[in-house]
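The next block holds one structure in the form of structure tokens; read it before the comments.
Read-outs throughout are calculated quantities, based only on the coordinates presented, and are distinct from any laboratory measurement. Please read these numbers as outputs of a predicted model, since none were measured by experiment. No Cβ is skipped: glycine too gets one built from the backbone with ideal geometry, and neighbour counts run over all protein chains shown.
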Amino acid sequence: MPREFHRSQRIAEEIQRSLSEIIRLRVKDPRLDKITVTEVKVSRDLSHAKIYYSSFQMDVDKEMLAEGLAESAGKLRQLLGREMRMRRVPELHFEYDMTLEQAQRVTQLIDEAVANDGPASDDPDNS
């Protein structure tokens with residue numbers, strides 16, 4: 001049983017690497033120019049792959065990205081099959097990864113909290 005986990009993990013990593021390269025070099029859809037594949041999770045039976053993606057542009061239209069990926073899914077799967085030489089290529093399911101946006105929001109909140117605290121009063125001469 002443990003070998004199956006390692007195999008699916010290796011396949012997920014290979015899908016991530018290959019799919020990133022395919023999107024960057026072979027897909028001509030301008031909607032997909034600025035995306036990156038952040039993570040891939042493959043089902044135990046290797047029939048489905050959940051592809052998490054993000055954009056380099058923070059103000060990008062997420063629906064437009066989802067449309068572009070949905071329209072390109074068949075072609076991406078075909079190219080992935082050729083690249084990886086798998087007998088059965090998993091069905092690709094795309095999901096936007098919110099991690100980067102959430103990290104920026106937390107950073108913004110911390111910056112605001114620090115700014116609202118004012119200067120530090122650690123200096124005893126300022127008392």
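Below is a table of values for the structure above.
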quantity	calculated
Net dipole in debye of the chain [+1 Lys, Arg Cβ; -1 Asp, Glu Cβ; about Cα centre; nearest 20]	1620
Crossing angle, helix 99-117 versus the chain [Cα axis fit, 0-90 degrees, rounded to tens]	0
Paramagnetic reach from ARG26 (point 7 Å along Cα→Cβ, amide N under 17 Å) across region 78-119	78-93
Estimated FRET transfer efficiency when R0 is 22 angstrom, pair ALA103-ARG82 (beta carbons, to 0.05)	0.05
Among beta bridges that DSSP assigns inside the chain, antiparallel share in %, nearest 5	55
Under 12 Å from the ARG10 label point (7 Å along Cα→beta-carbon), backbone N, region 71-97	none
MRE, 222 nm, helices only [DSSP H, n ≥ 4, -39500 (n - 2.57), over the chain, to nearest 500]	-18000 deg cm²/dmol
Degrees between helix 2-25 axis and first principal axis of the chain (Cα, 0 to 90, nearest 10)	80
Crossing angle, helix 62-84 versus the chain [Cα axis fit, 0-90 degrees, rounded to tens]	50
